[in-house]
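FYI, it's all coordinate maths here, none of it is from the lab. These numbers were taken from a predicted model, which means no experiment stands behind them. All Cβ positions, even for glycine, are placed from backbone atoms using ideal geometry, and neighbour counts span all protein chains on display.
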Amino acid sequence: MAWVTMTSGQVADASDMNERFNFLCGGTRLPRSSSGVDFTSTTGVYDLGSDSARWNDVWTNNINLDGSVSSASNTIWGLISEVTLSATASSIEFTSLTGDTYTSMMIYARMNVDTKSNQFMIFNGDSAANYGRQFIYGQSTSVASGRNTGLVHMQVGLVATTTVRLTGCRIMAHTKSGHERSLIVHTYGGASGTTIYRDIEWVYLWNDTANTITSLKIYTDAGNFETGTSIKLWGRK
């Protein structure tokens, strides 16, 4: 069946239009471009709406994306980068970051470590005494708290024994330059079966107010991160 290509000023018989719409509504609607008397399917060419002419609501069961999601009001978190180890490594570093593009960053980490150790994070390779923290932690039925200043890193994980080697964290960080960068780190240490060795919340400050964040590195002070360790970095403008 030949397609009728509608152009400005063209007249079409009502039966032709009815036939075409019945055909279109009978299955998948694809974006198409005119090629003679047929419409050839295309991809990545046409937009639905624009910045100045927007659809109001879209109702759908599923959205399948090959690309990114953005929001004019900057209300959406976007995945910046993700690392899942297929071989052991002593550190994982995210580079080529543009920290001032984002007002906030979020990190989810699930770390398998091969020995008793601590896990730390630094910005921009800065291992000088430029970090401080306040913390509270629970271990078994005990609770403790404390404060440290002039630290050379930010602790984000803890493996307390050589046999129980799973730890993980969620980090919320205000990353824009112009003032101290603040972070909330919630971590669990030494998890196995139904037992968690320690639950900790640290609040950190990095006193560098001038430099844009271009990298962050997570590393362990002993042994290695094992295969399957996964760290995801998200950003929000």
Counting pairs of alpha carbon atoms under 8 Å apart in space and at least six apart in sequence, what relative contact order in percent does region 142-197 give? 33
Spin-label pair residue 201/residue 62, simplified geometry with 7 Å Cα→Cβ offset, distance in nm: 3.8
Calculated from backbone phi, Karplus (6.51, -1.76, 1.60) coupling profile of region 224-236 in Hz, x at Gly/Pro: 9, 6, 8, 3, x, 4, 10, 10, 10, 10, 10, x, 9
Given points 7 Å out from each Cα along the Cα-Cβ axis, report the residue 90 to residue 179 separation in nanometres with one decimal. 3.8
Around residue 225: net Lys/Arg minus Asp/Glu count, Cβ-Cβ under 13 Å: -1
Per its Cα gyration tensor (rounded if a/c is under 1.5, else prolate when a/b beats b/c, else oblate), region 78-236 is best filed as oblate
Report the label-to-label distance for residue 42 and residue 54 in nanometres (one decimal), using points 7 Å from each Cα along the Cα→Cβ vector. 2.6
